[in-house]
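Here the structure comes first, spelled out in structure tokens, and everything after it is commentary.
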Amino acid sequence: MIMFSSKPAFAALIGLAWVAGATPVQADIKDFEFQLVQSEAKKGEAVIAVRLLNKRTNKAVPDAVISAKRIDMAPEGMADMTPRIEQLSSTEPGVYRFKTNLSMEGRWQLSLGAKVQGETGTVESKLVIKATP
Ligand SMILES: [Cu+2]
């Protein structure tokens, strides 16, 4: 039988065992992230394409359900500038498209939430896209 010389040492060992046991074996929701297909768009009506990537496998992930979407000018100190944003049908597996109006030049923040098939939790990404003249 293993004896422990002190209570703190025993507590530390229990802590380590708990952390090891909590480490997920399969994919974790944190392994997924959205990435912009293009980091710039022309000012005005725009279609923004993003790829949902599984960073562990480096593959695009199709059939995720977009649960939240918002675009605003927070990076320019204009978080209350929130044009309408609408999801368009996908034309490529793992690529999600959104139509909006980038009514002003500068940086826009696209915030997305999504549910991935077979995964617990929500993917949440904030992406910055630049509207050019
Ligand atoms: Cu603005």
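The values are calculated or read from the model by the stated rules, or taken from the named source; none is laboratory data. These numbers come from a predicted model, not from an experiment. Cβ placement follows ideal geometry from the backbone for every residue including glycine, while neighbour counts extend to all protein chains displayed.
In region 51-76, which residues are among the aliphatic types (A, V, I, L, M), closer than 14 Å to Leu110 by Cβ and out of contact with any Lys or Arg (no Cβ under 8 Å at 6 or more places or on another chain)? Please lay out each step first, then the result.
Of all residues in region 51-76, those among the aliphatic types (A, V, I, L, M) come to 52-53, 60-61, 64-66, 68, 71, 73-74.
From the residues that got through so far, the ones that are closer than 14 Å to Leu110 by Cβ too are 52, 66, 68, 71, 73-74.
Across region 51-76, the qualifying residues are Leu52, Ile66, Ala68, Ile71, Ala74.
Only residues that are touching a Phe, Trp or Tyr at 6+ places or on another chain (Cβ under 7 Å) and away from the ligand (no atom under 14 Å from the Cβ): list them for region 90-114, please. Step through it out loud before you land on a result.
Within region 90-114, the first condition is being touching a Phe, Trp or Tyr at 6+ places or on another chain (Cβ under 7 Å), and the residues that meet it are 90, 102, 112.
Within region 90-114, Ser90, Leu112 meet the criteria.
With (1) at positive phi; (2) touching a strand residue (DSSP E or B) at 6+ places or on another chain (Cβ under 8 Å) as the list, and Val95 as the residue in question, which single condition is left unmet?
(1)
Hey, any hits in region 10-27 for a residue that's modelled with pLDDT of 55 or more, in contact with a Pro (Cβ under 6 Å, 6 or more places away or on another chain) and either surrounded by 13 or more Cβ atoms within 10 Å (Cβ to Cβ) or of a type in the set (Asp, Glu) (or both)?
There is no residue in region 10-27 that is modelled with pLDDT of 55 or more, in contact with a Pro (Cβ under 6 Å, 6 or more places away or on another chain) and either surrounded by 13 or more Cβ atoms within 10 Å (Cβ to Cβ) or of a type in the set (Asp, Glu) (or both).
Scan region 94-112 for residues that are part of a strand (DSSP E or B) and over 12 Å from Val50 (Cα atoms) and report the count. Write out each step before concluding.
Kept after step one, since they are part of a strand (DSSP E or B), are these residues of region 94-112: 95-102, 106-112.
Next, only the ones that are over 12 Å from Val50 (Cα atoms) stay: 100-102, 106-109.
Selection size over region 94-112: 7.
Run Leu127 past the list (1) away from the ligand (no atom under 16 Å from the Cβ); (2) under 12 Å from Ala46 (Cβ atoms) and report the number of the one that doesn't hold.
(2)
I need a count of the residues in region 52-84 that are of a type in the set (Ser, Thr, Tyr) and within 16 Å of the ligand (Cβ to nearest atom).
The qualifying residues number 1.
If only one of Gln117, Gln38, Gln87 is at pLDDT below 95, in contact with a strand residue (DSSP E or B) (Cβ under 9 Å, 6 or more places away or on another chain), of a type outside the set (D, E, K, R) and more than 16 Å from the ligand (Cβ to nearest atom), which one is it?
Working: Gln38 fails: at pLDDT below 95; Gln87 fails: at pLDDT below 95.
Residue meeting the stated conditions: Gln117.
Could you check how many residues of region 37-47 are in contact with a Lys or Arg (Cβ under 8 Å, 6 or more places away or on another chain) and part of a strand (DSSP E or B)?
Restricting attention to region 37-47, the residues satisfying the condition of being in contact with a Lys or Arg (Cβ under 8 Å, 6 or more places away or on another chain) are 37, 39-41, 45-47.
Restricting the remaining residues to those that are part of a strand (DSSP E or B) gives 40-41, 45-47.
Counting residues in region 37-47 that are in contact with a Lys or Arg (Cβ under 8 Å, 6 or more places away or on another chain) and part of a strand (DSSP E or B) gives 5.
If you go through region 108-127 one residue at a time, how many are surrounded by 17 or more Cβ atoms within 10 Å (Cβ to Cβ), in contact with a helix residue (DSSP H, G or I) (Cβ under 8 Å, 6 or more places away or on another chain) and in contact (Cβ under 8 Å) with a residue 60 or more places away in the chain?
3
On the basis of being among the aliphatic types (A, V, I, L, M), at negative phi and away from the ligand (no atom under 16 Å from the Cβ), does Ala49 make the cut? Before the answer, list the steps.
On the way: among the aliphatic types (A, V, I, L, M): yes; at negative phi: yes; away from the ligand (no atom under 16 Å from the Cβ): yes.
For Ala49, the condition - among the aliphatic types (A, V, I, L, M), at negative phi and away from the ligand (no atom under 16 Å from the Cβ) - is met.
Checking the condition exposed (fewer than 15 other Cβ atoms within 10 Å of the Cβ) and among the basic types (Lys, Arg), which residue from Lys69, Lys99, Lys130 passes? Break it down into steps so the answer makes sense when it comes.
Details: Lys69 fails: exposed (fewer than 15 other Cβ atoms within 10 Å of the Cβ); Lys130 fails: exposed (fewer than 15 other Cβ atoms within 10 Å of the Cβ).
Every option except Lys99 fails the conditions.
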